[in-house]
Amino acid sequence: MAPVFDTVYLHRHGGRITYALISNGPLVICIPGMGDVRSVYRSLAAALAEAGFRVAAMDLRGHGDSDATFENYDDAAASSDLIALAEHLGVPAIWVGNSMGAGAACWAEAEAPALTAGLMLLGPFVRDSKASLLGKLLLRLALLRPWGSAAWRAYFRKLYPTHRDAAYDAHFTEAMGYLRQPVHWEAFHKTSRTSHQPATAFE
């Protein structure tokens with residue numbers, strides 16, 4: 001039988017963060033990377049719940065069901081949401097972060113060691129890219145409208161080059177569907193322009 005997740009909202013200054021909560025036990029908080037949504041952790045969350053963990057999988061600001069009304073979308077802002085969620089749930093957490101979410105997890109571990117039970121970084125982005133000025137300019141141009149969403153969709157599919165589970169197509173459709181909404185695309189665009197330098201300082 002598939003596990004049952006409760007969808008819950010955490011109120012923050014500037015908007016709401018959405019997270020899915022399942023099971024009981026030691027807390028694991030999972031945060032996805034830029035352009036992705038909490039359902040990316042569907043398999044991991046189910047396995048952790050079966051192993052006796054309580055799992056909260058959250059959406060980044062401006063992504064998924066989280067509001068796109070915030071001023072800041074960088075690693076530090078995402079980290080503050082991680083910490084607030086652990087405080088709200090009332091126990092230390094194992095932080096699981098993917099890509100940009102890993103940078104946020106590093107920041108959370110450094111800022112709130114008493115709330116940190118462990119740290120797992122998946123494909124971590126905790127440093128700014130060493131790309132040339134031209135490379136960075138080309139990236140910004142690639143994400144501009146009207147072609148930006150198509151460029152991101154093509155890139156997103158490359159994140160799963162060898163194995164896609166039965167729920168992949170639904171996950172892809174969900175993640176891209178949010179980004180078709182102008183407010184969410186604007187939040188995504190702001191996120192893409194942030195620096196990982198704050199997370200780097202805590203390595």
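The values are calculated or read from the model by the stated rules, or taken from the named source; none is laboratory data. Just so it is clear, the structure is predicted and the values come from calculations on it, not from any experiment. Here the Cβ positions follow ideal geometry from the backbone for every residue, glycine too, while neighbour counts run over all protein chains shown.
Set side by side, the residues Asp75, Asp81, Asp36, Asp65 differ, and just one is out of contact with any Leu (no Cβ under 9 Å at 6 or more places or on another chain) and buried (at least 22 other Cβ atoms within 10 Å of the Cβ), which is Asp75. Scanning region 1-24 for residues that are surrounded by 13 or more Cβ atoms within 10 Å (Cβ to Cβ) and out of contact with any Asp or Glu (no Cβ under 9 Å at 6 or more places or on another chain) yields Phe5, Val8.
Under the condition of being surrounded by fewer than 22 Cβ atoms within 10 Å (Cβ to Cβ) and within 23 Å of Gly15 (Cα to Cα), the residues counted in region 41-59 number 0.
Filtering Phe156, Phe202 for residues that are at pLDDT 70 or above and out of contact with any Leu (no Cβ under 6 Å at 6 or more places or on another chain) leaves a single hit, Phe156.
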